[in-house]
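The values are calculated or read from the model by the stated rules, or taken from the named source; none is laboratory data. Note that this is a predicted model, so its numbers are computed, not measured. Counting neighbours? That spans all protein chains shown, and the Cβs are built from the backbone with ideal geometry, glycine included.
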C-alpha cells in the first residue's frame, strides 16, 4: 500500500523533473524536435501495428475460420500504446477537445492565466497518473501475472500507463513554457457546432 504523502512527494518530484526537461528543451531546440519526432513515430508505429494485427485477426477468423488467440491481446496493447503517444501529439498540436464558452468571453490577460493554470493542472495530473502507473506496474511485477495467450508478464503490457502519462506530462510542461514565453495556444472555433 502506498501512502498519500508518498504519492504526493513522487508527483511533485516528477512534476519538477518534467519542468526541468521542458526548460532544457527550451534552451536546446533540437531536443524539442527529437521529442516531437519520437512521439510521432511511436504513435504511428504502434497504431499501425495494432491495426495490422486487427486486419490479420479478421482475415484468419472470418476467411480461414481459424482465429488467433493472441491477436486480440496484441491489437489491444498496440492500439493502447499508439493512442497514448497520439494523445501527446494531439496535445502538442493543440487538437484536444476544449470547451471555450468562458474562454471566449474573457480578456486576453485572463486567457493567458487560464492557459497557464490549465497546463499546470494537466502537468500535475499527468505526473500523478505516471506515478500511480509505476506503482501499478511494480505491483503487477511482484504478483508475477502473465498473459493468458502470449505468456508475456502483465507488467510489461501495462508499462504504457506510466510511460504514456510521463510523455503527456512532458508535453504539458513544454506547453506551459510556450504560454510563459508568449507563444499562446491556438484556440480554433468549430463552425456549425
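What pairs come out if I take residues in segment 55-66 that are on the phi < 0 side of the Ramachandran plot and at pLDDT below 90 and pair them with residues that are surrounded by 10 or more Cβ atoms within 10 Å (Cβ to Cβ) and part of a helix (DSSP H, G or I) whose C-beta lies under 6 Å away, six or more apart or interchain? The qualifying pairs are 66/60. Could you go through segment 134-148 and let me know if any residue there is assigned to a helix (DSSP H, G or I) and over 21 Å from residue 7 (Cβ atoms). Scanning segment 134-148 turns up no residue that is assigned to a helix (DSSP H, G or I) and over 21 Å from residue 7 (Cβ atoms). When 127, 118 are checked against the criterion of being modelled with pLDDT of 90 or more and crowded, with 19+ Cβ neighbours inside 10 Å, a single residue qualifies: 127. Determine if segment 155-176 includes at least one residue that is over 21 Å from residue 18 (Cα atoms), outside any helix (DSSP H, G or I) and more than 14 Å from the chain's Cα centre (by Cα). For segment 155-176, residues over 21 Å from residue 18 (Cα atoms), outside any helix (DSSP H, G or I) and more than 14 Å from the chain's Cα centre (by Cα): absent. Among the residues making up segment 32-54, those that are under 19 Å from the mean Cα position of the chain (by Cα), free of Cβ contacts under 8 Å to residues at least 40 places away in the same chain and surrounded by 15 or more Cβ atoms within 10 Å (Cβ to Cβ) are 46, 47, 49, 50.
Restricting to segment 91-100, and then to whatever is in contact with a helix residue (DSSP H, G or I) (Cβ under 9 Å, 6 or more places away or on another chain) and loosely packed, with under 15 Cβ neighbours inside 10 Å, can you tell me which residue is nearest to residue 161 (Cα to Cα)? Before you say what the answer is, go through the steps one by one.
Taking segment 91-100 and keeping what is in contact with a helix residue (DSSP H, G or I) (Cβ under 9 Å, 6 or more places away or on another chain), we get 91-92, 94-96, 98.
Now narrow it down to the ones that are loosely packed, with under 15 Cβ neighbours inside 10 Å: 94-96, 98.
Numbers: 94: 22, 95: 21, 96: 19, 98: 23 Å.
Checked segment 91-100; the qualifying residue nearest to residue 161 (Cα to Cα) is 96.
Would you confirm whether any residue within segment 78-89 is in contact with a helix residue (DSSP H, G or I) (Cβ under 9 Å, 6 or more places away or on another chain), exposed (fewer than 14 other Cβ atoms within 10 Å of the Cβ) and either assigned to a loop (DSSP other than H, G, I, E, B) or modelled with pLDDT of 90 or more (or both)? Checked against the condition, which is being in contact with a helix residue (DSSP H, G or I) (Cβ under 9 Å, 6 or more places away or on another chain), exposed (fewer than 14 other Cβ atoms within 10 Å of the Cβ) and either assigned to a loop (DSSP other than H, G, I, E, B) or modelled with pLDDT of 90 or more (or both), segment 78-89 yields no hits at all. Out of the residues in segment 101-115 meeting the condition of being more than 18 Å from residue 175 (Cα to Cα) and either touching a helix residue (DSSP H, G or I) at 6+ places or on another chain (Cβ under 7 Å) or in a loop (DSSP other than H, G, I, E, B) (or both), tell me which one is modelled with the lowest pLDDT. Filtering first and then ranking leaves 101. Take the conditions (1) within 19 Å of the chain's Cα centre (by Cα); (2) under 30 Å from residue 150 (Cβ atoms); (3) surrounded by 13 or more Cβ atoms within 10 Å (Cβ to Cβ); residue 72 misses just one of them, which is (1). The one condition from (1) at pLDDT 90 or above; (2) surrounded by 18 or more Cβ atoms within 10 Å (Cβ to Cβ) that residue 157 does not meet is (1).
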